[in-house]
Amino acid sequence: MFYKDLILGLVSSLLLVICVLVGVAFLTLLERKVLGYIQIRKGPNKVGFWGIPQPFADAIKLFTSEQTYPVLSNYLPYYISPIFSLFLALAVWLIMPYLTGLHNFSLGLLFFLCCTSLGVYTVMVAGWASNSNYALLGGLRAVAQTISYEVSLALILLSFVFLIGSYKLLDFQIYQEYCWFLFLTFPLALAWFASCLAETNRTPFDFAEGESELVSGFNVEYSSGGFALIFMAEYASILFMSMLFCVLFLGCNVLSLLFYFKLVFLAFMFIWVRGTLPRFRYDKLMFLAWKSFLPLSLNYLIFFSGLKILSLGVGV
């Protein structure tokens, strides 16, 4: 019986990983199409029907092209960091709140915070191990940015932990059965979305990849497979952040088709922001994190903790 459960768990995990990777492939296609139409052009439309197999053609091209690496690089960390980056981006999906259980456990939000904190190291090691000034500067900027916005993310999550009294994502479904948290905490939802953009290094917070001054940021020395793994990790993180936004603010019934429409719309919002907004100035990015989002999330945290104490007092 134990082995049957183990095999079932492994097969389910494998299916989840495959589905996430296919989702990542089509998210890249969606991004190229949407950006194409925003800029009044077609986007990929030559490969197959409407350019639908384009992501697979790109993947084959990237993984079959020659792998180069700088002679002066620290080879082992340089080689491992993209693999570890993708591993973390896929591992964090273990907290997906399925009603059947799967890997959904009671400390899911803590696991998410641990994985996002570890993600900082992959960027830092990738930038440092390349032994290039541009890559190192890109890595340092990305690390400073990610750590700053992780504070906001953690405090926003802590507010919800105080409110519902649990780290388990499934409990968000119970509490949002009649009213979404989006309507109760709209400013917090906006702060969470902006923090997600900064956490995943997306426009307008893509300072790790400032093409004008850093060529391509921390991944400038990566080519073929290494670059593809970093790219896949970034897009898997975007999908995950969209899923988490839906769970926290838009109801959490993963058996409903509407949940996945909301997830796709959130992923589309990431692309829409990229096609619309110019890049921030770096000092403004830090100002936004420490002078705007930190006080906002702290105020909500104190408000929710007071509300919880009040409700417990009334209950007694």
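Odds and ends about this structure:
- Restricting the first member to region 221-250 and to residues that are on the phi > 0 side of the Ramachandran plot and in contact (Cβ under 8 Å) with a residue 40 or more places away in the chain, and the second to residues that are part of a helix (DSSP H, G or I) and of a type outside the set (Phe, Trp, Tyr), the beta-carbon pairs closer than 7 Å and six or more apart or on different chains are Ser224/Leu62.
- Cross-chain or 6+ apart pairs with Cβ under 6 Å, region 34-53 first and touching a residue at least 40 places away in the same chain (Cβ under 8 Å), then surrounded by 12 or more Cβ atoms within 10 Å (Cβ to Cβ): Val34/Ile271; Leu35/Gly275; Ile38/Gly275
- Among residues of region 213-241 being surrounded by 22 or more Cβ atoms within 10 Å (Cβ to Cβ) and among the small types (Gly, Ala, Ser), the one that is nearest to Leu136 (Cα to Cα) is Gly217.
- Taken together, the criteria place Val254 among residues that are surrounded by fewer than 22 Cβ atoms within 10 Å (Cβ to Cβ), touching a Phe, Trp or Tyr at 6+ places or on another chain (Cβ under 7 Å) and aliphatic (A, V, I, L, M).
- Test: residue in region 36-47 that is at pLDDT 85 or above, within 25 Å of the chain's Cα centre (by Cα) and surrounded by fewer than 15 Cβ atoms within 10 Å (Cβ to Cβ): yes
- Long-range neighbours under 9 Å by Cβ, at least six apart or interchain, first residue aromatic (Phe, Trp, Tyr) within region 294-316, second not in a helix (DSSP H, G or I): Tyr300/Thr185; Phe304/Thr185
- Residue match in region 181-200 (condition: in contact with a helix residue (DSSP H, G or I) (Cβ under 9 Å, 6 or more places away or on another chain), within 23 Å of Trp272 (Cα to Cα), charged (D, E, K, R) and assigned to a helix (DSSP H, G or I)): yes
- Answer residue from region 73-116, given it is farther than 28 Å from Ile174 by Cβ and without any contact (Cβ under 8 Å) to a residue 60 or more places away in the chain and is surrounded by the fewest Cβ atoms within 10 Å (Cβ to Cβ) among those: Leu76
- Checked against the criterion of being surrounded by 15 or more Cβ atoms within 10 Å (Cβ to Cβ), modelled with pLDDT of 90 or more and part of a helix (DSSP H, G or I), the candidates Lys262, Lys291 yield just one match: Lys262.
The values are calculated or read from the model by the stated rules, or taken from the named source; none is laboratory data. Please read these numbers as outputs of a predicted model, since none were measured by experiment. Methodologically, a virtual Cβ is constructed for each residue, glycine included, from the backbone with ideal geometry; neighbour enumeration extends over all protein chains shown.
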